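Accompanying notes for the structure given below.
The values are calculated or read from the model by the stated rules, or taken from the named source; none is laboratory data. Note that this is a predicted model, so its numbers are computed, not measured. Positions of Cβ are backbone-derived with ideal geometry, glycine not excepted, and every protein chain shown enters the neighbour counts.
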Amino acid sequence: MLNNMDSNQTEQNMHIFRLEAFSEHIHSDFDIFYGDHSVGVLQLISATPAPGSTDSRHFSLIFSGQPTPHLPQRTYHFVHAILGRFDLFIVPIGPDRQTGQMLYEAIINQ
């Protein structure tokens with residue numbers, strides 16, 4: 001979900017909100033901010049199409065982060081070396097059973 005961005009910034013970043021753009025950056029790190037404060041780093045671990053969707057504008061992103069403290073459900077500012085800056089609403093979906101890392105999901109539905 002896009003939030004807290006002016007329309008010019010939103011138009012400039014819309015190209016990244018495609019499944020293909022994120023799929024190229026699996027296992028890369030994203031710096032996460034809430035307001036002016038850094039709240040950690042999340043790693044993108046999967047980018048998958050929405051069930052039944054053939055449109056690259058409907059997909060799910062799964063991120064992995066430190067087990068504690070986990071980030072509450074809300075919109076965060078993401079910063080990536082190649083994809084740039086954008087806002088995403090993420091939801092904690094529980095710990096990874098193998099690694100213990102906390103998993104977060106963002107649903108993109110444009």
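Quick look at the values:
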{"read-out": "Condition met for GLY65 (at positive phi and surrounded by 14 or more Cβ atoms within 10 Å (Cβ to Cβ))", "value": "no"}
{"read-out": "Subset of segment 49-93 that is small (Gly, Ala, Ser) and in contact with an Asp or Glu (Cβ under 7 Å, 6 or more places away or on another chain) - its residue that is modelled with the highest pLDDT", "value": "SER64"}
{"read-out": "Residue selected from segment 26-40 under the condition within 20 Å of ILE107 (Cβ to Cβ) and among the hydrophobic types (A, V, I, L, M, F, W, C), by the criterion surrounded by the fewest Cβ atoms within 10 Å (Cβ to Cβ)", "value": "ILE26"}
{"read-out": "Residue count for segment 86-103, restricted to those that are surrounded by 15 or more Cβ atoms within 10 Å (Cβ to Cβ) and among the basic types (Lys, Arg)", "value": "0"}
{"read-out": "First in segment 49-66 and within 14 Å of MET102 (Cα to Cα), second anywhere and among the acidic types (Asp, Glu), Cβ under 6 Å, 6 or more apart", "value": "ILE62/GLU105"}
{"read-out": "Conditions (1) over 14 Å from ARG18 (Cβ atoms); (2) loosely packed, with under 12 Cβ neighbours inside 10 Å; number of the one not met by THR54", "value": "(1)"}
{"read-out": "Filter pass, GLN43 being surrounded by 16 or more Cβ atoms within 10 Å (Cβ to Cβ) and at pLDDT 95 or above", "value": "no"}
